[in-house]
Amino acid sequence: MKSSRRTYFKAIASAKKTHWSDFLSSATPRSIRTAKRFACGHPPQRFPDLPGASDPAEVAETLLDHFFPSKSPPPPLLRLMRYENYTTLTSEEISRALSKSSNTSAPGPDHIPYSVLKSIHHIKSSLLPSLLDPLLAHGFHPPFLKKALGIVLDKPGKPAYDSRSSFRGIVLLRTLSKILERVAASRLSAQAAICSLINPLQCGSLSGRSTADAALVLQHNVEAFHRLRSKVSTLFLDVKGGFDNVESPSLLSLLRRKGVSPYLVQWVGSFLRDRTCRLTFQGSPRHFAPVSVGVPQGSPISPLLFVIYISSLYLEIPRSLIISYVDDFAVTVASPSYRTNVRLLQKTFSALKRKASPINILFSAPKTELIQWRTTRSNEPPCSLPVQLEDPLFYPQSRLKWLGFIFTPAFDPRSHFSRRYTLANAALATIRHLSPPGMGLPPYLCLALARSLLAPILLYGAAVWNPPPSIMGPISVF
């Protein structure tokens, strides 16, 4: 009996091994994510066990209150009418919106992937414009397009999962709605430059700008201040809550004052009003609940609306600079001494808070960091003067991470590229796990993975700094 059982389980193990080897050897770029998921696995989903919530309906209500805190409602919707000076929606605009949409993106409550919409548009290019044009022309976003799924995920590394803050939500919107949102974002972005909706020092959510631009602007201005023999300090701030803090009435009022087309203003108001969401977790109720949102997470137009909303936070102060990438701010000041810089940063932060308070914007204290810049030729000891913002003291960092770049007081790139090398090694270990000697992924797919996965990891930051010779050797191994 024991011999038969061993033979049985050995045959099962052999069949699994053979099937896995065959699956890997025939893998394609489309199935590589499936292979990684099988090889690495994923932790089981936790049920949100929250105090005071005894059943899934109460858990859902508690999490909805946490994910979507109450906001001021937008102004009431006016009578629907077709706006004058409206530009008819064209099939070319729909094509551009669809070209920016990935077929692998998770769909929303309707479960319609982008591939279906692309096929429809390819077969009959006039269908989607005829459906969406009346909505934009009348400034109306219908309720069925404002339904969303909220996927509840636990935050990794938490000591306990008995509080709402231990979980996060990913919002999935209807793909048809996101096509209309992309069109509206494109039109609003075109008007942003004309109406001065966005500060020139905002590097996020705009075509042609990236995190590298923000890092380069920061380094250029620090070095320019150093050439004037000034001491330079930068305070890094993060907007607390981000998109959730946008107040719809203030945003719509700003768009009207700046002269944005009335149909776009009306559509934005309709888009933000009367949204509903259904949370998804083990045993979750199947009904949609009304939620209050600033601007919805996952929407193509939300980052643009957010950077327009915070455009008033850029202060004009002599010998200082405020740059940002969406909700990440860097406040740089220069003066003859670090002690003066500390006072200037405290004064600038107080002014920023006063500017931010009327629009319900707060800065996250745990994510606030300070760096006291120095030149590579400086013989002075590193400055250790902290900045006091209300109660907390923030001491200068010897290295910090901002927008994925590792900064040091002298802009030494070794820390940054050492980190990139470590991340690339971790990714390479996954590829090796999927392709053991003599079996696994075919060689052409391993090469494609190296080019598409390892190269971006290693070279992130190469637009800002040149990798030092000490790192170039290990990097060249890849």
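The values are calculated or read from the model by the stated rules, or taken from the named source; none is laboratory data. As the structure is a prediction and not an experimental result, all values here were calculated from the model. Cβ: placed from backbone, ideal geometry, glycine included. Neighbour counts: every protein chain shown. What goes into the accessible areas is simple: the full protein's heavy atoms, side chains included, and nothing from ligands, DNA or RNA. Shrake-Rupley method; radii C 1.70, N 1.55, O 1.52, S 1.80 Å.
Computing Rg and Dmax of the Cα atoms in Å directly from the structure and comparing it against [x] 24.9, 75; [y] 19.2, 56; [z] 26.1, 87 singles out [z].
Karplus-derived 3J(HN,Hα) values for the range 428-434, using 6.51 cos²θ - 1.76 cosθ + 1.60 with θ = phi - 60°, are 5, 4, 5, 4, 5, 5, 7 Hz; glycine and proline are entered as x.
Rounded to 0.05, the FRET efficiency of the Ser130 and Cys195 pair, given R0 = 25 Å and the Cβ-Cβ distance, is 0.30. Basic side chains Lys and Arg get +1 at the Cβ, acidic Asp and Glu get -1 at the Cβ, and with that the dipole of the range 134-210 about its Cα centre reaches some 100 debye.
Could you tell me the calculated FRET efficiency between Leu393 and Ala289, based on Cβ-Cβ distance and R0 = 60 angstrom, to the nearest 0.05?
After rounding to 0.05, the efficiency reads 0.90.
Computed over Cα pairs, the Kirkwood radius of the range 155-295 leads via Stokes-Einstein (1.567 mPa s, 4 °C) to a diffusion coefficient of 68 µm² per second. Taken about its Cα centre, the chain carries a charge dipole of roughly 1080 debye when the Cβ of each Lys and Arg holds +1 and the Cβ of each Asp and Glu holds -1. Which residues make up the longest stretch of the chain clear of GluC sites (Glu not before Pro) that lie in a DSSP loop with no more than 13 other Cβ atoms within 10 Å, not counting the sites? It runs 85-315.
At 0.36 nm per residue, minus the direct Cα-Cα distance, what do Ser95 and Ile112 gain on full extension? Give it in nm, one decimal, please.
Gain on extension, Ser95 to Ile112, equals 4.4 nm.
Using the Cα atoms of the range 377-426 to build a convex hull, what is its mean projected area in square nanometres? Mind dumping the intermediate values first?
On the way: hull surface 20.0 nm².
Projected over every direction and averaged, the Cα hull of the range 377-426 covers 5.0 nm².
Per the Cα gyration tensor, the range 210-267 maps to an equivalent ellipsoid with semi-axes of 37, 15, 11 Å, ordered largest to smallest.
Counting only DSSP beta bridges with both residues in the chain, the antiparallel share comes to about 85 percent. Taking all protein chains into account, the per residue accessible area for the chain stands at 52 Å² (1.4 Å probe). Computed over the chain, the per-residue total of -39500 (n - 2.57) for DSSP H runs of n ≥ 4 gives a 222 nm mean residue ellipticity of -13500 deg cm²/dmol, rounded to 500.
The fraction of accessible area contributed by carbon and sulfur in the range 125-227 is 59 percent, rounded to a whole number (1.4 Å probe; ligands and nucleic acids excluded). Here the Karplus curve 6.51 cos²θ - 1.76 cosθ + 1.60, taken at θ = phi - 60°, turns the phi angles of the range 290-297 into couplings of x, 9, 9, 10, x, 10, x, 5 Hz, with x standing for Gly and Pro. Remark: accessible surface ordering of Trp373, Trp20 (largest first) is Trp20, Trp373, probe radius 1.4 Å. Rounded to whole Å, give me the distance from the Cα center of the range 345-393 to that of the range 125-148. Here the two parts' Cα centres lie 45 Å apart. Full extension of the chain between Ala450 and Arg164 gives 99.1 nm of extra length, using 0.36 nm per residue less the Cα-Cα distance.
Each part gets one Cα centre, and for the range 308-342 versus the range 237-282 those centres are 26 Å apart. Ranking of Lys178, Lys258 by solvent-accessible surface, largest first: Lys258, Lys178 (1.4 Å probe, protein heavy atoms only, all chains present).
Rolling a 1.4 Å probe across all protein chains gives Ser4 an accessible area of roughly 80 Å².
Pairs from the table (Lys118/Lys147; Lys71/Lys355; Lys146/Lys353; Lys16/Lys100; Lys17/Lys100; Lys100/Lys146) lying more than 31 angstrom apart at Cα are Lys146/Lys353; Lys16/Lys100; Lys17/Lys100.
Between Arg354 and Asp55, residue separation times 0.36 nm minus the direct Cα-Cα distance comes to 103.4 nm. The lysines whose alpha-carbon is closer than 17 Å to the alpha-carbon of Lys401, local same-chain residues fewer than 8 away aside, are Lys367.
Here the Karplus relation 6.51 cos²θ - 1.76 cosθ + 1.60, evaluated at θ = phi - 60°, turns the backbone of the range 219-236 into coupling constants of 5, 4, 6, 4, 5, 5, 5, 5, 5, 8, 6, 9, 8, 10, 9, 9, 10, 9 Hz, with x for every Gly and Pro.
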